[in-house]
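Okay, structure first, notes after.
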Amino acid sequence: MSNYTEEKGIVIVGGGICGLATALALHKKGIKSVVLEKAETIRAAGSAIGIFTNGWYALDQLGLANQLRQKAIPLKGCRDIEFNNPKEQEVPMGNGELRCLKRSDLVQTLADSLPNETIRFGCHIVSAKFDPITSQPLLQLQDGSVIKAKVVIGCDGVNSVVSELIGLKPTKLFASCAVRGFTNYPSGHGFSNEFLRIRKDNIILGRLPVDNNLVHWFVGRPGTTADTRLSKDPKLIRESTIESTNDFPPECVEMVKKCDLNEVTLTNLRYRTPWDILLGSFRKGAVIVAGDAMHVWGPYIGQGGAAALEDGIVLARNLAQEMCKKRGSTENGNQVTQERIEKAMDQFVKERRMRLFMMSLNTYILGMLLEASSPLTKFALIVGLILLFSNSLGHSQHNCGRL
């Protein structure tokens, strides 16, 4: 590794939801940071995310909730249907809030709220290590330059370089994959304003209206050897999804048929096991991970985006509490001891661990349920899921606290 060419205070690796939310939360606390994003522009591509009450509370703390509420209609609740079971489970939102936001709207709004030059594009981190003398993290970019940072926050997703630096176990692959897409109905979709999930055997279909015309949907199904080839061709993705859901209600099949081919994606689902989240060490020195780099899970309960927002707020709050204890400059964290930074990071992990474990366990059981072939295994998983869901839906409404 060459000599470092630049020194920075707080460096956030990854310009997705968690990275931008963390930078904005720090900014609101008067603390500067720089976001290194490997893409050349804002990563606004992607489908949509369901934002429950806790996510809207987090967006309120960031000052963005009212602006983003204009982009998505409120959904009245969740409805689960087991295809061969006449009973349906309905969970009304009550005083809660659920909306489905286009990911591009959320990411762009976060980016637009940051000071100029906070985000540096085209910064692809290829390796990371600790300086053998100072123990500070060194980030080597693809162009050969090296950044020496006082603090590194890894928000670089599933294939996180930062998580490798701190020694996290690799994420695992579900045997399932997910197809996500949008369907636009120019004359109105006419669906109920609800988060609908339909399960049949080992396939799950989810549907969330974004507004009165646009619907976001996802299908979780077993992975196949053809998925790598399919993932490169939107038409093949659509055709295979139609085939997978052919026995579902006609309006669901029609929704897939009419999807926007520019927006449809197929991805293999990765996860970090619930026990890794419960027992894992997410900090090493002044380096920590957050968002999907810390706790990636399946899309089944609609909490991935909200959890990333919460991470950013809780981490920024704890860093600010330690960095601003004494009067004087806090710019870039240059006058703050590493011990205090590490204390703040440890407090962040302590605050988040059990909440993330419960969310992860919920999605893990759902993912295993889709993959289970034995009726007895399915029964055991369903019982566990019911117990968890009754306990943790309310849990998912808990908020991240004030910024």
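Brief remarks follow.
- Within a straight-line Cα-Cα reach of under 20 Å, LYS232 can be paired with the following aspartates and glutamates, leaving aside sequence neighbours fewer than 8 residues apart in one chain: GLU243, ASP260, GLU263.
- Taking amide hydrogens as placed 1.01 Å from N in the peptide plane, the amide H of GLY223 sits under 5 Å from those of SER176, CYS177, each at least 5 positions away in sequence or on another chain.
- Percent RCO, i.e. relative contact order, over the range 36-165, from Cα pairs under 8 Å lying at least 6 residues apart: 27 percent
- Charge dipole of the chain (Cα centre as origin; +1 on each Lys and Arg Cβ, -1 on each Asp and Glu Cβ, all else neutral): 760 debye, rounded to the nearest 20.
- Multiplying the residue separation of ALA39 and ARG69 by 0.36 nm and subtracting their alpha-carbon distance yields 8.1 nm.
- Between GLY77 and MET93, PHE195, the built amide H atoms are under 5 Å apart, and every one of these is 5 or more places off in sequence or on another chain.
- Short-range pairs are left out: with C-alpha atoms under 8 Å and at least six residues apart, the relative contact order of the chain is 22 percent.
- Net +/- balance of residues flanking PHE282 in space, Cβ distance below 15 Å, scoring K and R +1, D and E -1: 0
- Per-residue SASA entry for LYS28, accessible area with 1.4 Å probe, Å² rounded to 10: 110 Å²
- Out-of-range pairs (alpha-carbon distance over 22 Å; input LYS76/LYS235; LYS235/LYS258; LYS28/LYS284): LYS76/LYS235; LYS28/LYS284
- Amide proton proximity set for LYS8, modelled H, under 5 Å, gap of 5+: LYS148, ALA149, LYS150
- Span from the the range 200-227 Cα centroid across to the the range 117-160 one, whole angstrom: 36 Å
- nm² value of the averaged projected area, convex hull over the Cα atoms of the chain: 19.8 nm²
- Under 13 Å, Cβ to Cβ, from SER163 - net charge with Lys/Arg +1 and Asp/Glu -1: +1
- Karplus-derived 3J(HN,Hα), 6.51/-1.76/1.60, for each residue of the range 128-134, Hz, glycine and proline x: 8, 7, 9, 4, x, 9, 9
- Bridge orientation summary for the chain: considering DSSP beta bridges with both residues in this region, about 70 percent are antiparallel.
- Per-pair calculated FRET efficiency, R0 = 41 Å: ASP260 and GLU88 via Cβ, rounded to 0.05: 0.90
- Contour minus Cα-Cα distance for THR267 and GLU117 (0.36 nm per residue): 50.8 nm
- Simple label model, 7 Å out from Cα along Cβ direction - ASN184 to ARG229, nm: 3.2 nm
- Multiplying the residue separation of GLU6 and MET354 by 0.36 nm and removing their Cα-Cα distance gives an extension gain of 121.5 nm.
- Three-way shape call for the range 207-250 based on the alpha-carbon gyration tensor, with the a/c threshold at 1.5: prolate
- Within a Gaussian network of the chain (alpha carbon springs, distance under 10 Å), most fluctuating of LEU20, LEU165, LEU236: LEU236
- Here the simple spin-label model places points 7 Å from the Cα toward Cβ, and for LYS76 and LYS169 these points are separated by 4.4 nm.
- Out of every Cα-Cα pair that the range 10-60 contains, those further apart than 12 angstrom amount to 69 percent.
The values are calculated or read from the model by the stated rules, or taken from the named source; none is laboratory data. No experiment lies behind these values; they were computed from the predicted model shown. All Cβ positions, even for glycine, are placed from backbone atoms using ideal geometry, and neighbour counts span all protein chains on display. Side chains are part of the model used for accessible areas, which takes the heavy atoms of the whole protein and leaves out ligands, DNA and RNA. Shrake-Rupley method; radii C 1.70, N 1.55, O 1.52, S 1.80 Å.
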